[in-house]
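The values are calculated or read from the model by the stated rules, or taken from the named source; none is laboratory data. Predicted model, so just to flag it, every value in this text is computed and none were measured. Just the protein is used for accessible areas: all its heavy atoms, side chains included, with ligands, DNA and RNA removed. Shrake-Rupley method; radii C 1.70, N 1.55, O 1.52, S 1.80 Å.
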Amino acid sequence: MGTIAAMNLPYGAVYFDVDGTLLDSAPGVTRCVAAALSEMGLPVEDQATLMLHVGPPLAEGFRTVSGLDADTAEEAVRRYRRHYESEGVFEASLFPGVADLLQSLRDRGVRLSTATSKTERMTRIVLDHLGVADLLDRIVGAGPERATKTAVLAEARRQLAADGFSGAEALLGDRIFDAAGARDHGIDFVGAAWGYAPDPAELRSARLVAASPAEAALMLTGGGSTSREPAGGAPASRPASS
């Protein structure tokens, strides 16, 4: 990583992953995953393994982490959601500094939207519950027609474009799924190092990596940052408008 004291990287719009970026949602997510597995008579994973379910789409987590086939994974998702919607969603909390991050960007006129693998309905419920939904211009999440981060981000970008937005964009997230979504859309990925990535290498492709929400606010408004140098060691360049 190379340090650039005062990079000018202003973004007109920022898309946020939710679990592991805005919310410390692991307590509810892992408990509900364990409950779903237990109900189905399947082995309940240890806490470190349960944490791997936080971030990816639910069905993908049950397939790749728990090793379930597609049909069994879908049944696990149904059971998970029953527990999560009644209790688990309310076990989440904002990471320290997240409300200030959102307010700081909003005060500077940055357009804000979620782009999360949580269902849109649950995302709205938890952000309303925690008092920050009104700081976002749009709340966009997963649904039957949006099963991947790339698809969710496409909808979030479409909605902001429909509002008249045109400018430089970034996605702030903590997992490789966020990196892939940003890459697929050709926008900057900013890594949230306070999140749930089990391996720091998941953030290797990030244009910038923030150690805290406060640092992310500085990076996203061009107030100073720590940036990864691209391959070859060339200085990072200013993001192009999209």
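Rounded if a/c is under 1.5, else prolate if a/b is larger than b/c, else oblate: which is the stretch 27-129, with a ≥ b ≥ c the root eigenvalues of its Cα gyration tensor?
Values: a/c = 2.36, a/b = 2.25, b/c = 1.05.
Since a/c reaches 1.5 and a/b is larger than b/c, the shape of the stretch 27-129 is classed as prolate.
Could you work out what % of the accessible surface of the stretch 159-199 is carbon and sulfur, using a 1.4 angstrom probe and leaving DNA, RNA and ligands out of the count? Could you put the intermediate results ahead of the total?
Numbers: 650 of 1400 Å².
For the stretch 159-199, the apolar C and S fraction of the accessible surface comes to 46 percent.
Using each residue's phi in the stretch 184-191, evaluate 6.51 cos²θ - 1.76 cosθ + 1.60 at θ = phi - 60° and report the 3J(HN,Hα) Karplus result to the nearest Hz, with x for Gly and Pro.
4, 9, x, 10, 5, 9, 10, x
Keeping the other protein chains in place, figure out the carbon and sulfur percent of the accessible area of the stretch 62-157, with a 1.4 Å probe.
46 percent
Which ³J(HN,Hα) values, rounded to whole Hz and listed in residue order, are derived for the stretch 67-74 from phi using the Karplus coefficients 6.51, -1.76 and 1.60 in 6.51 cos²θ - 1.76 cosθ + 1.60 with θ = phi - 60°, glycine and proline given as x?
x, 8, 6, 4, 5, 5, 4, 5
Using each residue's phi in the stretch 32-42, evaluate 6.51 cos²θ - 1.76 cosθ + 1.60 at θ = phi - 60° and report the 3J(HN,Hα) Karplus result to the nearest Hz, with x for Gly and Pro.
Along the stretch 32-42, the couplings run 6, 4, 4, 5, 5, 5, 4, 4, 8, x, 9 Hz.
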